[in-house]
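Below is one structure, written out as structure tokens; comments come after it.
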Amino acid sequence: MKKWVDYQLKHQLKNWDWANRIWHKGNLSDELSEAFGRIKKGYLDGTLKSWYENVFLNKDYIARTAASTGGDVSENDFRTWLLEYPKLMVNHGHHYIKEFGEDHEFIYNTVTEKFNLKPETVAIRIQVEEPGEYFVVHMDRHRYKVWNVDDEEVIYEKVRDQHAQDIFIMFMDDQQMGQMFNFGTMAINWKQGDVFSWEHQSIPHCTANVGYHANFIMVITGEPKER
């Protein structure tokens, strides 16, 4: 994976001014804390669907990653680079939630309005980082296009270029000991409902949980109505 990050830093990075490309976008705890509670309960008692995945090993992710290089890095190259540090991949992954029960529509409407996003482009997932799980250093620079995966056509039509969408993370609980989220070498601190955004094409980031409480992170993507 280090070779992939090195490739990104050399060929894809657009801006090294990381400290000024990370933004605190407010706090939505007042609006969403009750919904957070219901979602966490649904995850713990199994009434909300969730699954565990290392997205780096997903065929779709590999295809999008290779596409972002314009042919410089093949899918096989990327697969090989994933195995550079096998111990680092042991617990690399999260549990994911994409359906939020009775709060689903309310959450979508709230974040769409708050961040002035085009509703048809908004996607939301919750990444549950259990104790001992993490997401290694990476940058989000996928190219969205049409290609075939196992002879099935896959169309990415929500994003027309690498800079069209914004990414937001929202923390569903106060930060606990052992929970961390880094942009470059800078660690952030958070309270429940805090929202951050960043220039995702340029800033390596990572997250880890070496504490004793699950970390619920809501990830929101969407195109702004205006820049």
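Taking the criterion of being hydrophobic (A, V, I, L, M, F, W, C) and closer than 26 Å to residue 216 by Cα, the residues of the stretch 44-89 that qualify are 44, 48, 51, 55, 56, 57, 62, 82, 88, 89. Scanning the stretch 175-207 for residues that are within 20 Å of residue 40 (Cβ to Cβ), open to solvent by less than 30 Å² (accessible area, probe 1.4 Å) and either polar (S, T, N, Q) or modelled with pLDDT under 95 (or both) turns up 179, 207.
For the stretch 208-218, residues that are of a type outside the set (A, V, I, L, M) and surrounded by 19 or more Cβ atoms within 10 Å (Cβ to Cβ) total 3. Exactly one residue out of 32, 48, 44 is free of Cβ contacts under 8 Å to residues at least 60 places away in the same chain and either open to solvent by 80 Å² or more (accessible area, probe 1.4 Å) or in a helix (DSSP H, G or I) (or both), and it is 44. Starting from the stretch 93-114, keep only residues that are open to solvent by 20 Å² or more (accessible area, probe 1.4 Å), then list their pairs with residues that are assigned to a helix (DSSP H, G or I) and among the acidic types (Asp, Glu) whose Cβ atoms are within a distance under 6 Å, requiring at least 6 positions of separation or different chains. So the pair list comes out as 110/31. Checking each residue in the stretch 123-141 for being in contact with a helix residue (DSSP H, G or I) (Cβ under 8 Å, 6 or more places away or on another chain), open to solvent by 10 Å² or more (accessible area, probe 1.4 Å) and in a loop (DSSP other than H, G, I, E, B) picks out only 141.
Kindly check whether there is at least one residue in the stretch 103-111 that is modelled with pLDDT of 95 or more, out of contact with any Cys (no Cβ under 6 Å at 6 or more places or on another chain) and closer than 24 Å to residue 205 by Cα.
Taking the stretch 103-111 first, the residues modelled with pLDDT of 95 or more are 103-111.
Those left that are additionally out of contact with any Cys (no Cβ under 6 Å at 6 or more places or on another chain): 103-111.
With closer than 24 Å to residue 205 by Cα added as a condition, the list becomes 111.
Among the residues of the stretch 103-111, at least one is modelled with pLDDT of 95 or more, out of contact with any Cys (no Cβ under 6 Å at 6 or more places or on another chain) and closer than 24 Å to residue 205 by Cα, which makes the answer yes.
Just one of (1) open to solvent by 90 Å² or more (accessible area, probe 1.4 Å); (2) over 20 Å from the mean Cα position of the chain (by Cα); (3) touching a residue at least 12 places away in the same chain (Cβ under 8 Å) fails for residue 24. It is (2).
Annotation: of all residues in the stretch 145-173 being open to solvent by 70 Å² or more (accessible area, probe 1.4 Å) and assigned to a loop (DSSP other than H, G, I, E, B), the one that is modelled with the highest pLDDT is 151.
The values are calculated or read from the model by the stated rules, or taken from the named source; none is laboratory data. Note that the structure is predicted; figures quoted are calculated from it, not measured. Backbone-built Cβ (ideal geometry, glycine too); neighbour counts: all protein chains shown. Each accessible area value is taken on the protein alone, full model and side chains, heavy atoms only, with ligands, DNA and RNA left out. Shrake-Rupley method; radii C 1.70, N 1.55, O 1.52, S 1.80 Å.
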